[in-house]
Amino acid sequence: RPKPYNRLQIILQHLKISKQTDSTAEVLLEKKGGAGIITLNRPKALNAVNLSMIRQIYPQIKTWEKDPETFLIIIKGTGGKAFCAGGDIRAITDAGKVGNKLAQDFFKEEYTLNNAIGTCKKPYVALIDGITMGGGVGLSVHGHFRVATEKTVFAMPETAIGLFPDVGGGYFLPRLSGKIGYYLALTGFWLKGRDVLKAGIATHFVDSEKLPALEKDLIALKSSSKENIADLLNSYHMKSQADQEKDFVLDEHMDKINSLFSGNSMEEIVKNLKQDGSPFAIKQLETINKMSPTSLKLTLRQLREGASMSLQDVLMMEYRLSQACMRGPDFYEGVRAVLIDRDQSPRWKPAALEEVSDEFVDDCFKPLGSNDLKL
């Protein structure tokens, strides 16, 4: 089996394709019955979300929210491989390098869309079939319902490319049980299928082949209160109980995750892992050692602070962090190592956790004045 790092490379390789290669629309917005349906339609780029897609989806959600004839909103992806594997990394990298405004606009408008999903007055159902990472998590996790399938692969792998788990990661990750969210954020661990439900990220699990029937039934609902939608999703969920006896993939490690990842600093977490010395702890150390030290420190503080903040405040904080990452070297170096040269050997600056000062971290969280994100 390919190592997670190699798999991440394959996914990022797809995200790099920022040009739409066929003539069809990148996102389809249609009304069927009482449902507004958003279909991410860049299968060759694993439905990576770019700025033009964000600029189509946001106003449409706002319109459907006001429309008395629209009872619910469904979002899904095409191509069978991915719901949405992330944001358009390549475009952001190219823009950030030359100080192009896109690096501001993309994050600003993406987070504004994440907030619109998190505050949506109409029930919002995300069919997260296939790869769901980074920007794809932001398009799904803040909505009322997230339906995973056996094909779902969830991860927030940003620390491997000099970023941090954004799109509201600072809000939902620390709210998962125990320290699961901290573990997922710092290591980029991949959850698959039913484990996405067991971790508390999905609300329902439905077999992939049943999604077209589920969608049809959702569209046919005559009045769709949240209760009606929940009942329908529950009935599908109950039908796909076949392999649900399997344990949660992290069950046997939960005690260790909860104790080892509860450190107040990255240095403390690393010390915990070293002292523990179990095969599990050593494996986590190896993973963490590959990540950007700056990203790790930003991420830990992002989650610790986000745990008691509103989604709006978290997104404002994350916007400040996104702009700090656009200023610093690690994001460009991470993208170079994983995506462009593909040597998997990023040279992080600074290269060690001890060299990332508290002053530097504080600086990344500072308000941006008139450039702050306003929600």
Looking at the range 44-56, which of its residues are open to solvent by 10 Å² or more (accessible area, probe 1.4 Å) and within 18 Å of the chain's Cα centre (by Cα)? N50, L51
Mind checking which residues of the range 29-51 are part of a helix (DSSP H, G or I) and either within 14 Å of I89 (Cβ to Cβ) or at pLDDT 95 or above (or both)? P43, A45, L51
Just checking, which of V141, V196, V167, V147 is of a type in the set (A, V, I, L, M, F, W, C) and part of a strand (DSSP E or B)? V147
Filter the range 104-138 down to residues that are small (G, A, S) and modelled with pLDDT under 95, then give me how many there are. 0
Checked pairs for the range 268-291, first under 16 Å from H253 (Cβ atoms) and touching a residue at least 40 places away in the same chain (Cβ under 8 Å), second among the hydroxyl-bearing types (S, T, Y) and open to solvent by 20 Å² or more (accessible area, probe 1.4 Å), C-beta under 9 Å and 6 or more apart or across chains, list as I269/S262; T287/Y5
Taking into account only those residues within the range 142-200 that are over 11 Å from the mean Cα position of the chain (by Cα) and of a type in the set (F, W, Y), which is surrounded by the most Cβ atoms within 10 Å (Cβ to Cβ)? Y171
Working only within the range 272-295, note down all residues that are under 26 Å from L321 (Cα atoms) and open to solvent by 70 Å² or more (accessible area, probe 1.4 Å). E286, N289, K290
Is it the case, given these coordinates, that S370 is in a helix (DSSP H, G or I), polar (S, T, N, Q) and open to solvent by less than 50 Å² (accessible area, probe 1.4 Å)? no
Is it the case, given these coordinates, that L260 is closer than 27 Å to G334 by Cβ and in contact (Cβ under 8 Å) with a residue 24 or more places away in the chain? yes
Within the range 316-340, residues being open to solvent by 30 Å² or more (accessible area, probe 1.4 Å) and not in a helix (DSSP H, G or I) number 1
With the condition kept exactly as written, say whether any residue in the range 107-130 is more than 30 Å from L233 (Cα to Cα) and open to solvent by 10 Å² or more (accessible area, probe 1.4 Å). yes
Being within 24 Å of the chain's Cα centre (by Cα), closer than 10 Å to S292 by Cβ and not hydrophobic (A, V, I, L, M, F, W, C) is the filter here, so list the residues in the range 317-375 that pass it. G328, P329, D330, E333, G334, P346
Looking at (1) under 18 Å from the mean Cα position of the chain (by Cα); (2) modelled with pLDDT under 95; (3) open to solvent by 20 Å² or more (accessible area, probe 1.4 Å), which one does D88 not meet, given that it meets all the others? (3)
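To keep it simple, each residue is scored yes or no on (1) without any contact (Cβ under 8 Å) to a residue 60 or more places away in the chain; (2) among the acidic types (D, E); (3) touching a Gly at 6+ places or on another chain (Cβ under 9 Å).
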| position | (1), (2), (3) |
| --- | --- |
| T93 | no, no, no |
| K121 | yes, no, no |
| V141 | no, no, yes |
| S177 | yes, no, yes |
| I180 | no, no, yes |
| L197 | yes, no, no |
List pairs: first in the range 39-63 and of a type in the set (F, W, Y), second assigned to a helix (DSSP H, G or I), Cβ under 8 Å, 6+ apart or cross-chain? Y58/E109; Y58/T112; Y58/L113; Y58/A116
Among the residues listed as D343, D313, D363, the single one being surrounded by fewer than 20 Cβ atoms within 10 Å (Cβ to Cβ), assigned to a loop (DSSP other than H, G, I, E, B), without any contact (Cβ under 8 Å) to a residue 60 or more places away in the chain and not small (G, A, S): D343
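Here is a yes/no grid of residues against (1) out of contact with any strand residue (DSSP E or B) (no Cβ under 7 Å at 6 or more places or on another chain); (2) modelled with pLDDT of 95 or more; (3) polar (S, T, N, Q); (4) in a loop (DSSP other than H, G, I, E, B):
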| position | (1), (2), (3), (4) |
| --- | --- |
| I219 | no, yes, no, no |
| K222 | yes, no, no, yes |
| N258 | yes, yes, yes, no |
| E305 | yes, yes, no, no |
Does Y5 count as at pLDDT 95 or above and hydroxyl-bearing (S, T, Y)? no
Checking the condition among the small types (G, A, S), at positive phi, in contact (Cβ under 8 Å) with a residue 60 or more places away in the chain and in contact with a strand residue (DSSP E or B) (Cβ under 9 Å, 6 or more places away or on another chain), which residue from G188, G168 passes? G188
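The values are calculated or read from the model by the stated rules, or taken from the named source; none is laboratory data. Quick caveat, the model's predicted, so the values are computed rather than measured. So basically every Cβ, Gly included, is an ideal-geometry build from the backbone, and we count neighbours across all protein chains shown. Accessible surface areas use protein heavy atoms only, side chains included; no ligands, DNA or RNA. Shrake-Rupley method; radii C 1.70, N 1.55, O 1.52, S 1.80 Å.
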